[in-house]
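Step one of this worksheet: look at the structure below.
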Amino acid sequence: MLQIQRFVFNPFYENTYLIWDEDSKEAAVIDPGCFDESEKDALIKFIHANSLKIKYLINTHCHIDHIIGNSYIKEKYNPLFLAPEKDLFLLKSIVEEAGKYYIEVEPSPMPDEYLSENTLLNLGKNNCIIIETPGHTPGGTCLYFEKDKICFTGDVLFNRSIGRTDLSGGNYESLIDSVKDKLFTLPDDVKIYSGHESSSTIGDEKRYNPFFR
């Protein structure tokens, strides 16, 4: 069974997720947004306190608030780093993008492998299905753990909202299609964990999300 710990990091109030298999202790850091030393310490102390083995570093997409901690996690644990190939232009521009917000960040390493629907990932006996969901960014990707009925939706689908499409590479029609054609085909009781704000379920978003009424 998967365990989940959410951290809210950086000036953008981004959700970083630490997920792990309770038996093997194999773990993944999804969208590391840890920005300052106190945020890095909070994440590392939790990892150590629970004796977790960091197997993966995963970016659902490559906007700055989701990748600030890439270099730190990669250097600290050297996990397999996966990110969508179509978002590499965002990953490579992290330093310049940070300058727009008057903050300083480390350049991100490049992925060890690209994240796609052909990617096979597992934490212990928990297999992850990769769902490509462009729209917020060209490479936007969701991570679906079918057995536990959990989906990490990045900035594609939120509790009663959707991701912005007015940023570089965004496309409103593509995002709407991604949600309708891919995410809304999942069972209604699948719980979604998004890149900002609180969790929800697929069923609730079908019924109550104002973008899909």
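No lab work stands behind these numbers, since they all come straight from the coordinates. Predicted model only: the values in this text are computed from it and were never measured. Note that each Cβ is placed from the backbone with ideal geometry, even for glycine, and that neighbours are counted across all protein chains shown.
Structure values in brief
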quantity	calculated
Highest-MSF residue in the chain out of LEU167, LEU175, LEU91 [GNM, Cα springs under 10 Å]	LEU167
Assigned charges on the beta-carbon of Lys, Arg, Asp, Glu; the range 2-212 dipole about Cα centre (debye)	380 debye
Relative contact order (percent, whole number), the chain, Cα cutoff 8 Å, 6+ residue spacing	15 percent
Within the chain, percent of DSSP bridges classed antiparallel, to nearest 5	65 percent
